[in-house]
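Colleague: Could you have a look at this structure, given as structure tokens, before my questions?
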Amino acid sequence: MTAFQWFLSFLKKYRFKIIFGLILVVIASILMIINPYISGVIVDRVIKGGEYTILPALLAILVITTVGRAGIRFIFLMDFEKASQETIYAIREAVYKRLMEADFGFYNNNRTGDLMSRQTGDMDAVRHFVSFVMYFTTENVFIFLLALFMIFTVNVKLALCMLIVLPFTLYITLSQSKHIKPAFTNIRQCFSSLNAFAQENISGNRVVKAFAKEDYETEKFNKENDAYRDSQIEASNVFQKYIPIYEFLSNLLTIILMVVGGYMVIHGEMTIGKWVTVNGYLWMLNSPLRQAGWIINDIQRFFTSIEKIYATYVEEPQIKEPDEPVKKRRFKGSIEFRDVDYFAFDDVILRDINFKVEPGQTVGIIGATGSGKSTLINLICRFYDVTKGGVFIDGVNVKDLNLNTLRGNIGIAMQDVFLFSDTIEGNIAYGNPNCSFEEVVKAAKIANAHDFIMKTEDGYDTIVGERGMGLSGGQKQRISLARAILKDPSIIILDDTTSAIDMETESQIQKELKQVANNRTVFIIAHRISSIMSADQIFVLENGRIVERGNHESLLAQKGYYYTVFNHQYGEFDQFEKAHDKKRGGINNG
């Protein structure tokens, strides 16, 4: 399917509106030939012939025709406007749905600003095509053909002289069409790049200010802005080349009428009234010729935009729903990795991952930055598909599970916290919008977020800014954690969720989590030993492989990476144990 065929699949839903509107366009075009004809009759029969009795009737026809055409034009203008709005609504909805279905790989390869430009500027070009270009092109073609036909009915010789202009017009139109398309393609690319740059820098304005890079970023923006301006000027140069030619050809018709038509009137081959009639039809020839360049411009802009929109829509997600998904509503929480490898662009991210987690167990994952920790849990959620091997939940391959069912059973607090421009309550209840306010408060208390929420001006009704602006990193992490808990999932994944939280708060959160984690499988990715030391299983990742595994005590005994990190964070093991034993003794004595 081509981009234009895809566009027609939406337009055909409103084909009756379009057909009705085009019929009215044709009727309005036909009515345009009446006034020049009546003008000629007035000159020949009333002014020269003295038939004054027919003048009132002729004037009435002129008024009725003019008013009727204005009324018809209003109706079809509204008709096309409604069709355009309904069509673009359907297209935008379909594209947005596809964007929601797109996987992580799609967003890794496409800039947000570029995607936004396709949903705004390109969509508007498509709407403009339906609401204006379609009827305007049809109207101008019919007006031109009708005027040419009527000139033939008045005087064949004069009409043939005017036909000389048509081959030149056709050649210029085809030539402009050939040169304008790449110009508009470049415009859309430059606009997308400019939009993406602006969006990125506005979102990252705090980083820009922190590094005092305002001038640097302004200079980079100016380069993008210059490229967009130059692309527009390049397209304007195409107009500059062809528009004067259209103007010359249209004025050439006037010269032909004056010279050839005047010669015929002088020699009695045509009456002055007929000449006036042809002069009226001449405007109907001139106007389409003058508009031809702009029509080609709008048509090429439409094709460029619809191709960009379709390119977004047609890109298939790599993560696909199974043809016959296994029916399973609630997971027990058993997770197994069998000989899992994951490659990305020929880079080995994970290699030979094998482990099994029983329902209700807590798993800690630790490793250096880039070791594959987040990728491992992304495979559980099936944000990416394994290159080799399989990931199984309750003995079922995740590839055989419905994506909504799979992810609906997993509550995840991601490393990159994103909060919507909504109330705190709305953000916490995002995964379960039908929950009660009491459930929101309970989840917030577990995440140790309730106290700071109540200190805000409007409590749970406080609006948090885009990406959670206005909250500290730790506060955003706690709201994200509450959002994951409220979902009531079978599997909870915490991806470095407490990195911005102090040790005391983290300890309180862990105590609360132990209560809600009962019968739930929990994965904790962390850099702090304190976050995972009580886990049933701990995996140490290095260069995409599990190089150490066990519980806290067994990993310390191995004296590998885990032991080294522990000593860096707590000092010598013996000193920690003594302090830990003393603390426990004090508690027992109390």
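The values are calculated or read from the model by the stated rules, or taken from the named source; none is laboratory data. All of these numbers come straight from a predicted model, not from anything done at the bench. When we count neighbours, we look across all protein chains shown, and the Cβ atoms used for this are built from the backbone with ideal geometry, even at glycine. When the accessible area is computed, the model is the full protein with side chains, heavy atoms only, and any ligands, DNA or RNA have been set aside. Shrake-Rupley method; radii C 1.70, N 1.55, O 1.52, S 1.80 Å.
Colleague: Rounded to the nearest whole Å², what accessible area per residue is found for the chain with the 1.4 Å probe?
Modeller: For the chain, the solvent-accessible area averages 52 Å² per residue.
Colleague: Moving on. Out of the total accessible area of segment 1-125 (probe 1.4 Å, heavy atoms of protein only), what percent is carbon and sulfur?
Modeller: Carbon plus sulfur share of accessible area: 68 percent.
Colleague: Something else now. Stretched out fully, how many nm does the piece from Ile19 to Asp226 gain, at 0.36 nm a residue minus the Cα gap?
Modeller: Working it through step by step, the gained length comes to 70.2 nm.
Colleague: Show me the ranking of peptides 480-488, 321-329, 337-345 by mean Cβ neighbours inside 10 Å, starting with the highest.
Modeller: 480-488, 337-345, 321-329
Colleague: Separate question: Set Lys and Arg Cβ to +1 and Asp and Glu Cβ to -1, take the dipole of the chain about its Cα centre, and tell me which of Ile424, Ala292, Ile19 lies farthest positive.
Modeller: So the residue we want is Ile19.
Colleague: Can you give the extra length, in nm with one decimal, that the chain gains between Asn354 and Asp385 once fully stretched, where that is 0.36 nm per residue apart less the Cα-Cα distance?
Modeller: Once the chain is fully extended between Asn354 and Asp385, it gains 9.6 nm.
Colleague: Treat segment 109-255 as a sphere of radius equal to its Kirkwood radius over Cα pairs and apply Stokes-Einstein at 37 °C in a medium of 0.692 mPa s; give the translational diffusion coefficient in µm²/s, rounded to a whole number.
Modeller: 172
Colleague: Ok, one more. State which helices in the chain qualify, where a helix is a whole DSSP H run, it must extend 18 Å or more along its own axis by its Cα atoms, and its mean Kyte-Doolittle hydropathy must be at least -0.5.
Modeller: 15-31, 55-101, 134-154, 165-203, 272-314, 473-486
Colleague: Probe radius 1.4 Å, ligands and nucleic acids ignored: give me the carbon and sulfur share of the accessible area of segment 299-412 as a rounded percent.
Modeller: 46
Colleague: Next question, about the same structure. How high is the FRET efficiency between Asn567 and Asn543 when r is their beta carbon distance and R₀ equals 22 Å, given to the nearest 0.05?
Modeller: The formula returns an efficiency of 0.50 here.
Colleague: List the residues, sorted by chain then number, that are 5 or more residues from Gly390 or on another chain and whose placed amide H is less than 5 Å from its amide H.
Modeller: Answer set, sorted by chain and number: Arg338, Val340.
Colleague: Charges only on Cβ, +1 for Lys and Arg, -1 for Asp and Glu: so what's the dipole of the chain about the Cα centre, in debye to the nearest 20?
Modeller: 1400
Colleague: 5 Å is the cut-off here: which amide hydrogens, built 1.01 Å from N in the peptide plane, fall below it relative to Phe420, excluding neighbours closer than 5 in sequence?
Modeller: none
Colleague: Further, regarding this structure: Treating only the Cβ atoms of Lys and Arg (+1) and Asp and Glu (-1) as charged, compute the dipole magnitude of segment 104-216 about its Cα centre; round to the nearest 20 debye.
Modeller: 140
Colleague: Order Tyr242, Tyr570, Tyr263 by their accessible area, 1.4 angstrom probe, all chains in place, largest first.
Modeller: Final ranking, largest accessible area leading: Tyr263, Tyr570, Tyr242.
Colleague: Okay, moving on. On the full set of protein chains, 1.4 Å probe, figure out the accessible area of Arg301 and give it in Å² to the nearest 10.
Modeller: Approximately 90 Å² for this residue.
Colleague: If you don't mind, there's one more thing I want to ask. Please list, ordered by chain and number, the residues whose modelled amide H lies under 5 Å from the amide H of Phe539; skip anything fewer than 5 residues away on the same chain.
Modeller: Long-range HN contacts for Phe539: Gly364, Ile365, Ile366.
Colleague: How high is the relative contact order of the chain? Use alpha-carbon pairs under 8 Å, at least six apart in sequence, and give a whole percent.
Modeller: 14
Colleague: Expressed in whole Å with the largest first, what are the equivalent ellipsoid semi-axes of the chain derived from the C-alpha gyration tensor as the square root of 5 times each eigenvalue?
Modeller: For the chain, the semi-axes come out at 74, 24, 22 Å.
Colleague: For the residue pair Asn108 and Glu316, what label-to-label distance in nm results when each label sits 7 Å from Cα along the Cα-to-beta-carbon direction?
Modeller: 1.9
Colleague: From the residues Phe302, Leu350, Phe337, which one has its Cα farthest along the dipole of segment 223-350 in the positive direction, the dipole being from +1 and -1 charges on Cβ of Lys/Arg and Asp/Glu about the Cα centre?
Modeller: Ranked along the dipole, the leading option is Phe302.
Colleague: Return the carbon/sulfur percentage of the accessible area of segment 186-296, one whole number, probe 1.4 Å, all protein chains in place.
Modeller: That fraction is 60 percent.
Colleague: Run the numbers for Ser9 and Trp294: contour at 0.36 nm per residue of separation, minus the present Cα-Cα distance, in nm.
Modeller: Gain on stretching Ser9 to Trp294: 100.0 nm.
Colleague: Right, next: Loop only by DSSP, 14 or fewer other Cβ within 10 Å of the Cβ. Give me the chymotrypsin sites (Phe, Trp or Tyr not before Pro) in segment 126-167 that pass, ordered by residue number.
Modeller: none
Colleague: Suppose we flag GluC sites (Glu not before Pro) only when DSSP calls them loop and at most 16 other Cβ atoms lie within 10 Å. Which is the longest uninterrupted stretch of the chain?
Modeller: Longest run free of exposed loop sites: 52-268.
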